[in-house]
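Notes to accompany the following structure.
Coordinate-derived values only; no laboratory data. Since the model is a prediction, treat every value here as computed from it, not as a measurement. Quick reminder, even Gly has a Cβ in these numbers, built from the backbone with ideal geometry, and neighbours come from all protein chains shown.
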Amino acid sequence: MAVLRRLSILSKPAALAATFIIGAALTWVTVVRAQSANGPYSLFQFATLTGSGNTITATRVPVVTAAGATLYKDVTIQFEVDSDGNLRLAPDNPQVLDAPALVVSSFRAGSYVGPGSVLNGKTPVFVDGPGATDGGATSWSLSTGSGADKCTYPSSATWYAGPIVNSPVAARLKKAGITSTAWSYGVASGPGAYSACTTSGFTFGSSKWGGGTLIGVSQSGSAVTIASFTDNTYDYSAPVDQITFRIAP
């Protein structure tokens, strides 16, 4: 208001010129503020950060451009340590690459339940994902839900959607001679071969669902099937057991 009162005592041409300058300045401030809100900036808090030795890796760092578009970058930062223990960036660091596109596949997160014929249907589980991993793959996980029977199998699982060669279980798949792309592979755990489940009147071949079981997972519509490729700690090239869960009503 004080500015406007001062304008009123200026000559008309001067007042018009001052008004134009003030208006242009306010417009410029508005534009700058809008650009600051939209970008450019990075969001390392939403990336997957890992460290090993002298190297820090940030996977899928969201980067917002000035136009408001979001890009994803993989960043590697390597350090050198001098004789006094001082850290400095190694030459040609940091290294920034475009993050590979995520392979989401057809998996659906949510609450599921197993067949009514298994443990009287008391097998609620929850599928969570996707999470980003190296090479553009996505990780998915399964855990038992509230009210699940203690013999629910698998009781936990993690698998990866993406090329087999990039899978964290690629070495096991190769050793077992597994090449099928019909499954996404991972690891699961269940009650175990010598748990109370083997003496409770329930038989499912628990040696096929112990800790570290190699699994294949596929989804068709509302059903997700988990197959065990392991029996008594030995991995096979074909499934030795499987169970199908459907999205809970």
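A protection proxy built from the mean count of other Cβ atoms within 10 Å ranks the segments 77-84, 161-168, most packed first, as 161-168, 77-84. Each of T76 and R108 was given a label point 7 Å from its Cα along the Cα-to-Cβ line. The distance between the two points is 3.9 nm.
What full-extension length gain, to one decimal in nm, is calculated for N54 and T244 as 0.36 nm per residue of separation minus the Cα-Cα distance? Don't skip to the answer; put the middle values down first.
Values: separation 190, 0.36 × 190 = 68.40 nm, distance 4.44 nm.
Stretched fully, the N54-T244 segment lengthens by 64.0 nm.
Using 0.36 nm per residue and subtracting the Cα-Cα separation, the extra length available between Q95 and A66 on full extension is 8.3 nm. Most tightly packed first, judged by the mean number of other beta-carbon atoms within 10 Å of their residues, the peptides 139-152, 171-184 read 139-152, 171-184.
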